[in-house]
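J.: Submitted below is the structure of interest, expressed as structure tokens.
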Amino acid sequence: MKIGIYGGTFNPPHLGHLTAAAAVIATLKLDKLLLIPASIPPHKDLPAGSATAEQRLEMTRMAGEQLGLGSKVETLDMEVRRAGKSFTSDTLAELKAQFPEDELWLLMGTDMFLTFQYWYKPDEIVRYAGLCAFGRTEKDGEELFAPQRKYLGQRFPGSRVVTMTLPNLVDVSSTELRARIPKRETDGLLAPAVLGYIYRKHLYGTNLDLKRLTLEDLRPIALSYLKAKRIPHVL
């Protein structure tokens, strides 16, 4: 079985994450995708006003359901439960023990890929899993990926490294999105259920009066209470 592992802060998870995940699933022909929100990211501090680890976990679960792939996509709380910083090497060690006969692939965006050699225990990571890096924008192509792919192959002999530039990516960062959310500038950037969860939990500077909602605001909030498979029926 081929298993993709997609970690991150997911603060919040957006359609850029989802379109990338869907494309990688198809390209690598993954049998399963594991979404793993970090509790305490080792490479950066969470900004003030961030959602809690538990809230990011729930939003990631909702976002994963929007892929419509059922049990093929699973959100794990292993890093949220773990004390201390969320090191990828620790997570992959646990997963390799759980799936010893399966082929693991670690998914990452361009920035993470270009700095992979500076991660905590990168040599262990490449022993457990192949690396699959995807471009977040059209400029993240072969000219950018090829030198790093060659370098990692020399630095970590025997490692498996795949890079791809994905079409139709939603080009937005979580940082940019957090600034847009209170301005209600999120069209085409968030799964409706995730937006509804943000509204009802008053995250990222939102403060809707939940007793006096317009239909436009009520719709995503209502969807945030439903399992993805129920949404078409309710609509």
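J.: Which one of R200, R212, R230 is open to solvent by less than 70 Å² (accessible area, probe 1.4 Å) and of a type in the set (K, R)?
T.: Working: R212 fails: open to solvent by less than 70 Å² (accessible area, probe 1.4 Å); R230 fails: open to solvent by less than 70 Å² (accessible area, probe 1.4 Å).
That would be R200, the only listed residue that is open to solvent by less than 70 Å² (accessible area, probe 1.4 Å) and of a type in the set (K, R).
J.: While we're looking at this one, here's another question. Of all residues in the range 116-130, which are among the basic types (K, R) and assigned to a helix (DSSP H, G or I)?
T.: Within the range 116-130, R127 is the sole residue that qualifies.
J.: If you check E124 against the conditions, is it open to solvent by 40 Å² or more (accessible area, probe 1.4 Å) and out of contact with any helix residue (DSSP H, G or I) (no Cβ under 6 Å at 6 or more places or on another chain)?
T.: no
J.: If I filter the range 215-225 for residues that are surrounded by 11 or more Cβ atoms within 10 Å (Cβ to Cβ), part of a loop (DSSP other than H, G, I, E, B), hydroxyl-bearing (S, T, Y) and touching a Lys or Arg at 6+ places or on another chain (Cβ under 8 Å), do I get at least one hit? Walk me through how you get there before you give the answer.
T.: Step one: filter the range 215-225 for residues surrounded by 11 or more Cβ atoms within 10 Å (Cβ to Cβ), giving 217-225.
Right, trim to part of a loop (DSSP other than H, G, I, E, B) and you get 224-225.
From the residues that got through so far, the ones that are hydroxyl-bearing (S, T, Y) too are 224-225.
If we keep only those that are touching a Lys or Arg at 6+ places or on another chain (Cβ under 8 Å) too, we end up with 224.
Within the range 215-225, one or more residues are surrounded by 11 or more Cβ atoms within 10 Å (Cβ to Cβ), part of a loop (DSSP other than H, G, I, E, B), hydroxyl-bearing (S, T, Y) and touching a Lys or Arg at 6+ places or on another chain (Cβ under 8 Å).
J.: With the requirement that a residue be open to solvent by less than 50 Å² (accessible area, probe 1.4 Å) and modelled with pLDDT of 90 or more, what does the range 147-176 give you?
T.: If the condition is that a residue be open to solvent by less than 50 Å² (accessible area, probe 1.4 Å) and modelled with pLDDT of 90 or more, then Q148, L152, G153, F156, S159, V161, V162, T163 are the ones that fit.
J.: Return yes when F134 is in a helix (DSSP H, G or I), aromatic (F, W, Y) and surrounded by 13 or more Cβ atoms within 10 Å (Cβ to Cβ) and no when it is not.
T.: No.
Conditions tested, residue by residue: (1) over 22 Å from L28 (Cβ atoms); (2) polar (S, T, N, Q); (3) more than 17 Å from the chain's Cα centre (by Cα).
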position: V73; (1), (2), (3): no, no, no
position: L76; (1), (2), (3): no, no, no
position: G84; (1), (2), (3): yes, no, yes
position: F87; (1), (2), (3): yes, no, no
position: A93; (1), (2), (3): no, no, yes
position: K96; (1), (2), (3): no, no, yes
position: E103; (1), (2), (3): no, no, yes
position: M108; (1), (2), (3): no, no, no
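J.: How many residues are touching a Leu at 6+ places or on another chain (Cβ under 7 Å), hydroxyl-bearing (S, T, Y) and open to solvent by less than 40 Å² (accessible area, probe 1.4 Å) when one looks only at the range 9-66?
T.: 2
J.: Which ones in the range 147-180 are without any contact (Cβ under 8 Å) to a residue 12 or more places away in the chain and part of a helix (DSSP H, G or I)?
T.: P147, K150, G153, Q154, E176, A179, R180
J.: Take the range 58-81 and flag every residue that is of a type in the set (A, V, I, L, M, F, W, C), within 19 Å of A22 (Cα to Cα) and without any contact (Cβ under 8 Å) to a residue 60 or more places away in the chain. Please lay out each step first, then the result.
T.: The first filter runs over the range 58-81 and keeps only residues of a type in the set (A, V, I, L, M, F, W, C), leaving 59, 62-63, 67, 69, 73, 76, 78, 80.
Then keep just the ones that are within 19 Å of A22 (Cα to Cα); that gives 59, 62-63, 67, 69, 73, 76.
Hits for the range 58-81 are L67, L69, V73, L76.
J.: Which one is most open to solvent (accessible area, probe 1.4 Å), of the residues in the range 82-99 that are charged (D, E, K, R) and touching a residue at least 24 places away in the same chain (Cβ under 8 Å)?
T.: By that ranking, first place goes to K85.
J.: In the range 53-115, which helices (runs of 4 or more DSSP H) lie fully inside it and hold 1 or more residues that are within 29 Å of A193 (Cα to Cα) and modelled with pLDDT of 95 or more?
T.: Correct list: 53-65, 78-81, 88-98.
J.: Considering only the range 177-197, state which residues are open to solvent by 20 Å² or more (accessible area, probe 1.4 Å) and more than 18 Å from the chain's Cα centre (by Cα). Before the answer, list the steps.
T.: Filtering the range 177-197 down to residues open to solvent by 20 Å² or more (accessible area, probe 1.4 Å) leaves 178-180, 182-185, 187-188, 192, 195.
Passing the criteria: A179, R180, P182, K183, R184, E185, D187.
The values are calculated or read from the model by the stated rules, or taken from the named source; none is laboratory data. All of these numbers come straight from a predicted model, not from anything done at the bench. Cβ sites come from the backbone with ideal geometry, for glycine too, and all protein chains shown count toward neighbours. Protein only, heavy atoms only, side chains kept; ligands, DNA and RNA dropped before computing areas. Shrake-Rupley method; radii C 1.70, N 1.55, O 1.52, S 1.80 Å.
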